[in-house]
Amino acid sequence: MRHFLENLIVIGCNRPLSKVLYAGFALCLLVPPAFAQTPPTSVQPLPSGIMPNDYFHTGAGAHYLRRAEGDLVTEKLRGNISVIMGSGANVIILSGKQGKFLVDAGIGVSESKMKVALSAISPTPVKYVVNTHWHWDHTDGNAWLHESGATIVAQRNTLKHLSQATHVDDWNWTLPPVTADARPTLLIDDSKIFRFGGDIIHVEHYGPGHTDGDVWIYFEKADVMALGDLFWNGNYPFIDNQDGGNINDAIKWADKAVERTTDKTIMIPGHGPVGTRAQLIEFRNMLVTVRDNIAALKRQGKSIDEVVAAKPTAAFDDKWGRFVIAPAHFTRLVYAGL
Ligand SMILES: [Zn+2]
């Protein structure tokens, strides 16, 4: 019995009821890790035609699965750096004589399309894949990339999340631990420098932000920065409050990226088009204003539902609220982190 209980994880039970209901839970459930929900390879309604309210049916995962049914788009940037869009998060490629250095892995369902897109850049193999954080849309391609010979690199907390069943209330989904061959083996605590493909690549961690295991990747010679989900160019971001992320630390990271770069730096977001430092500043300023609006309402004692009803993001919704994180959802993510 003791072993049985040790193998149970409790999901949803430590959340306020409104939050639990919002995420689609009616009950606190005890779920053995073996029952963690395997990510699907396509969006599948139940036989009754009902679309369950979770990450892979109505949430961001469903959006990425549908997008992945279409063609991938490769955009060449600067200094042998390209970005491939259409397989979950943006995938960044530095191509050198000895092989390729990737930032993020995309999603596994795109494997054959990614192989074609990578071969079109150059015939060399993938040597390294850095995961900017643990989320599925950035790491699901790890398994096939590792099988092809790549070393998977990540901050230590990213390995922790990928090694255990992780429930995210906002996704109404429990991601299972990834298989051993898909886990990062080259681990970073604070920073590491790679000399690869003629560039100097800085992989750096400054504590929590979007999760507790974020890294940015700065290609020094090309002057290109890949920010993972620390930057969503033109869209409200997801913030993983349950796994160490929060709005104040998300703003801290944006401030650091602004300090570290110039108006010549190419800024690559986890989601959205390739951007500039001016666009990162606009994103940072949006985060700060929304945070301040919501913090003021929270200080007045307003509940999360009252704050959502007050529409504290209204001035930004036309521009930022049209992707996978809608205005009310973003308001709840910011409120929960304050
Ligand atoms: Zn993410």
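Remarks
Here's the yes/no breakdown for (1) at pLDDT 95 or above; (2) under 30 Å from ALA336 (Cα atoms); (3) among the aliphatic types (A, V, I, L, M):
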residue	(1), (2), (3)
ASP170	no, yes, no
ASP190	yes, yes, no
ILE193	yes, no, yes
PHE196	yes, no, no
ASP199	yes, no, no
VAL203	yes, yes, yes
GLY207	yes, yes, no
TYR218	yes, no, no
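- Any chance THR38 is in contact with a Pro (Cβ under 9 Å, 6 or more places away or on another chain), more than 28 Å from ALA154 (Cα to Cα), polar (S, T, N, Q) and at pLDDT 80 or above: no
- Scanning segment 247-270 for residues being away from the ligand (no atom under 12 Å from the Cβ) and touching a Leu at 6+ places or on another chain (Cβ under 8 Å) gives a total of 11.
- Note on segment 189-225: residues that are within 16 Å of the ligand (Cβ to nearest atom), of a type outside the set (Phe, Trp, Tyr) and surrounded by 24 or more Cβ atoms within 10 Å (Cβ to Cβ) total 7.
- Every listed requirement among (1) of a type in the set (Asp, Glu); (2) within 16 Å of the ligand (Cβ to nearest atom); (3) over 22 Å from MET225 (Cβ atoms) is met by ASP181 save one, (2).
- Pairs, first over 14 Å from ASP240 (Cα atoms) in segment 123-135, second within 14 Å of the ligand (Cβ to nearest atom) and assigned to a loop (DSSP other than H, G, I, E, B), C-beta under 6 Å, six or more apart: VAL129/ALA105
- When the residues of segment 226-238 are filtered to those that are farther than 12 Å from HIS133 by Cα and under 11 Å from the mean Cα position of the chain (by Cα), the one that is farthest from the ligand (Cβ to nearest atom) is PHE231.
- Applying the set (1) of a type outside the set (Phe, Trp, Tyr); (2) on the phi > 0 side of the Ramachandran plot; (3) more than 16 Å from the ligand (Cβ to nearest atom) to GLU69 leaves exactly one unmet item: (2).
- Of residues in segment 80-137 being acidic (Asp, Glu) and surrounded by 24 or more Cβ atoms within 10 Å (Cβ to Cβ), the one farthest from ALA60 (Cα to Cα): ASP104
- Matching entry among GLY86, GLY70 (being modelled with pLDDT of 95 or more, touching a Lys or Arg at 6+ places or on another chain (Cβ under 7 Å) and farther than 19 Å from TYR128 by Cα): GLY86
- When residues in segment 97-129 are screened for being modelled with pLDDT of 95 or more and either within 20 Å of LEU186 (Cα to Cα) or touching a Lys or Arg at 6+ places or on another chain (Cβ under 8 Å) (or both), 17 of them pass.
- Residue selected from segment 83-96 under the condition farther than 11 Å from ALA226 by Cα and touching a helix residue (DSSP H, G or I) at 6+ places or on another chain (Cβ under 8 Å), by the criterion farthest from the ligand (Cβ to nearest atom): SER95
The values are calculated or read from the model by the stated rules, or taken from the named source; none is laboratory data. Keep in mind the model is a prediction, meaning the values are calculated, not measured. Virtual Cβ from ideal backbone geometry, glycine too; neighbours counted across all protein chains shown.
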